[in-house]
Amino acid sequence: MAESLQGLHRSHRCTEVTNKLIGEKVTVMGWVQKRRNLGSLIFIDLRDRSGILQIVFDEPKVGTDNFNKAGELRNEFVIAVEGVVQKREAAVNDNLITGDIEVIASSLRILSEAKTPPFPIEEGITTKDELRLKHRYLDLRRPDLQSKLILRSKVCSAVRSFLIDEGFIEIETPILQKSTPEGARDYLVPSRIHPGEFYALPQSPQLFKQLLMCSGFDRYFQIAKCFRDEDLRADRQPEFTQIDMELSFVDVDDVIDVNERLMAKVFKDAIGLDVKLPFLRMPWQEAMDRFGSDKPDIRFGMELVDVTDIVKDCDFGVFATPANNGGSVRGITVPGQGGMSRKKIDKLVEYAKGVGAKGLAYLCVNEDGTYKSSFAKFMTEEELDKLVNAMGAEKGDLILFAADSNKIVWEVLGSLRCELAKQLDMIPEDEFAFLWITDFPLFEYSEEQERFVAMHHPFTMPYEEDIEFLISDPAKVRAKAYDIVLNGCELGGGSIRIHREDVQAKMFEALGFTNEEAYERFGFLLDAFSYGVPPHAGLAYGLDRMIMLMTGADSIRDVIAFPKVKDASDLMTEAPSPVDDKQLEELFLSIKTT
């Protein structure tokens, strides 16, 4: 039978009870982690969010009624215990913060009984994700998940503290806003008051934070909920959280400076890491050429090498054709893997095909200096020697080549170097490698839409010297954009914004918008700009992704209290779910079935 507190007040969390309190009376409350009945003594491991504390029930000291109640306790019962702290005489547990003390109970109240959980409430369980997410409220009792969410809270606190000290003002922007479909799909919310019209949930606070700069707020930040209706991956969720900021009267160096110092503060406060400043900066083109990625993991080597000029005149058509038709041939050298079996190499070929390659060519440098290759018969010994020298390969190394358009070659080798680094255990543990990627292309060509689209968004400022190419040669224009990358993941991104009316008009023209279309989508922002807008810039971090990297979690689901699964559903609440006809009628909606 569950009891009430009846005026009882908790004095300490479990790990707040220390050997400094020996001899003092404490009141602790929490969940039963484990019970051990030795007949004359009953031991209970009591768990709360801080950790575990051992409670000892000795019948002469706690009384027969309480001793009998202690004998009825089961895992996950919620209890309140009064008792005196004493030093453990034996069985000191060095694995617990409280391992050298225990509480000798003087009273016990069972606040709530519990059914047997469907999985153990402990760290490192192998229970299927689906079962854990169905009972997420139980999963969240596990110390490893709780520690991640507590760290998340520390990060948010450090962010707020730093930015407020730097003169930023925290301002909330609307959740219900206008749909501006230029990017990922919006989540739409039907309006009851305006039949047939819809709000959109924000993909980011982008337009509103620029309006705040027009309003003179100078420095804004927000820890903002955002929504994107897109396919899920390990580091994506339909709803996610951004650390969002915007600054006036700044250029690239100003934004980078404040954000490097922010990262130093956050990582020091949250995990005790001293981040070395300044971070490395790398232009987008260099990142693509060296790593095949605009979010490169620089903790290991195996950089890409361009051998297009070496092979353009060879008789191997797989190399020569793209080399002479605007594509490229590039390779990576895998140290010490020249003896890799053909079976393993074939698996790498299949992996490469899975990320867009037509195939993968290989060359093994044997220990005696000879070569084993999938294409040796098409090339002379001199051509092979040039390839090996260009790749910097040594005896015992394996070289892998991709040949196609630059885009495909980058994607294939960029993915392959990361996959091989994981397989070969080449990635240093507990290393945090930050860098900035700068000088992005302003546009990228969309084959699907058959037009140039903004690589970031339509309000990103081009370099002054590239403005003349906005209409005549959009592919040539560089953006004053910057991404902050950590261990091969994009941690955040931003840009200097367009504040000049003439540049914004050219930007819309390059994107294929008429004046009417531009005003239909962004008229409120353009109107605001006509009343005087300061030069401004911003940046947004993915908070969930940041915590995932800090904690070494495999998925952002592990750092979000109540996440969705791959099909964007919630297994616990069973959302999304049907609604009744009355609700649909009020919104002037009907469901079309196929």
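The values are calculated or read from the model by the stated rules, or taken from the named source; none is laboratory data. Note that the structure is predicted; figures quoted are calculated from it, not measured. In this analysis, Cβ positions are derived from the backbone assuming ideal geometry, glycine residues included, and neighbour counts consider all displayed protein chains. Only protein heavy atoms, including side chains, enter the accessible area calculation; ligands, DNA and RNA are left aside. Shrake-Rupley method; radii C 1.70, N 1.55, O 1.52, S 1.80 Å.
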Original post:
Looking at (1) more than 16 Å from Pro283 (Cβ to Cβ); (2) in contact (Cβ under 8 Å) with a residue 24 or more places away in the chain; (3) crowded, with 16+ Cβ neighbours inside 10 Å; (4) in contact with a Lys or Arg (Cβ under 8 Å, 6 or more places away or on another chain), can you tell me which one Asp466 breaks?
Top reply: (1)
**OP:** Go through the stretch 464-488 and give me each residue that's outside any loop (DSSP other than H, G, I, E, B), at pLDDT 95 or above and not acidic (Asp, Glu).
**Re:** Arg478, Ala479, Ala481, Tyr482, Ile484, Val485, Leu486
**OP:** For Glu429, indicate whether it is more than 20 Å from Leu277 (Cβ to Cβ) and outside any helix (DSSP H, G or I).
**Re:** yes
**OP:** Tell me, yes or no, whether the stretch 324-345 has at least one residue that is of a type in the set (Gly, Ala, Ser), assigned to a helix (DSSP H, G or I) and closer than 19 Å to Asn406 by Cβ.
**Re:** no
Original post:
Which of the residues spanning the stretch 277-297 are out of contact with any strand residue (DSSP E or B) (no Cβ under 6 Å at 6 or more places or on another chain) and either in a helix (DSSP H, G or I) or open to solvent by 30 Å² or more (accessible area, probe 1.4 Å) (or both)?
Top reply: Leu277, Pro278, Gln285, Glu286, Met288, Asp289, Arg290, Phe291
Original post:
Just checking, how many residues over the stretch 1-59 are acidic (Asp, Glu) and either open to solvent by 60 Å² or more (accessible area, probe 1.4 Å) or at positive phi (or both)?
Top reply: 4
**OP:** Could you grab the pairs with beta carbons closer than 8 Å, sequence gap of 6+ or different chains, first residue in the stretch 67-86 and of a type outside the set (Ser, Thr, Tyr), second one part of a helix (DSSP H, G or I) and open to solvent by 60 Å² or more (accessible area, probe 1.4 Å)?
**Re:** Phe67/Glu59; Val85/Asn19
Subject >> Answer residue from the stretch 74-99, given it is farther than 25 Å from Leu145 by Cα and part of a loop (DSSP other than H, G, I, E, B) and is most open to solvent (accessible area, probe 1.4 Å) among those >> reply: Glu89
Original post:
Leu145 versus (1) of a type in the set (A, V, I, L, M); (2) open to solvent by less than 30 Å² (accessible area, probe 1.4 Å); (3) under 30 Å from Val258 (Cα atoms): which is the lone unmet condition?
Top reply: (3)
Subject >> Single match in Lys395, Lys372, Lys312 (criterion: under 28 Å from Pro441 (Cα atoms) and not aliphatic (A, V, I, L, M)) >> reply: Lys312
Original post:
Of all residues in the stretch 187-219 being among the hydrophobic types (A, V, I, L, M, F, W, C) and either out of contact with any strand residue (DSSP E or B) (no Cβ under 7 Å at 6 or more places or on another chain) or under 23 Å from Met455 (Cβ atoms) (or both), which is most open to solvent (accessible area, probe 1.4 Å)?
Top reply: Ile193
**OP:** Look at Gly512 and say whether it is open to solvent by 10 Å² or more (accessible area, probe 1.4 Å), assigned to a strand (DSSP E or B) and in contact with a strand residue (DSSP E or B) (Cβ under 7 Å, 6 or more places away or on another chain).
**Re:** no
Original post:
Of everything in the stretch 165-186 that's at pLDDT 95 or above and under 26 Å from Ser590 (Cα atoms), which residue is surrounded by the most Cβ atoms within 10 Å (Cβ to Cβ)?
Top reply: Ile175
Subject >> Residue list for the stretch 528-580, restricted to those being of a type in the set (Gly, Ala, Ser) and open to solvent by 40 Å² or more (accessible area, probe 1.4 Å) >> reply: Ser530, Gly532, Gly552, Ser577
Original post:
If you check Asp313, Asp274, which single one turns out to be in a loop (DSSP other than H, G, I, E, B), surrounded by fewer than 20 Cβ atoms within 10 Å (Cβ to Cβ) and either touching a Ser or Thr at 6+ places or on another chain (Cβ under 7 Å) or modelled with pLDDT under 95 (or both)?
Top reply: Asp313
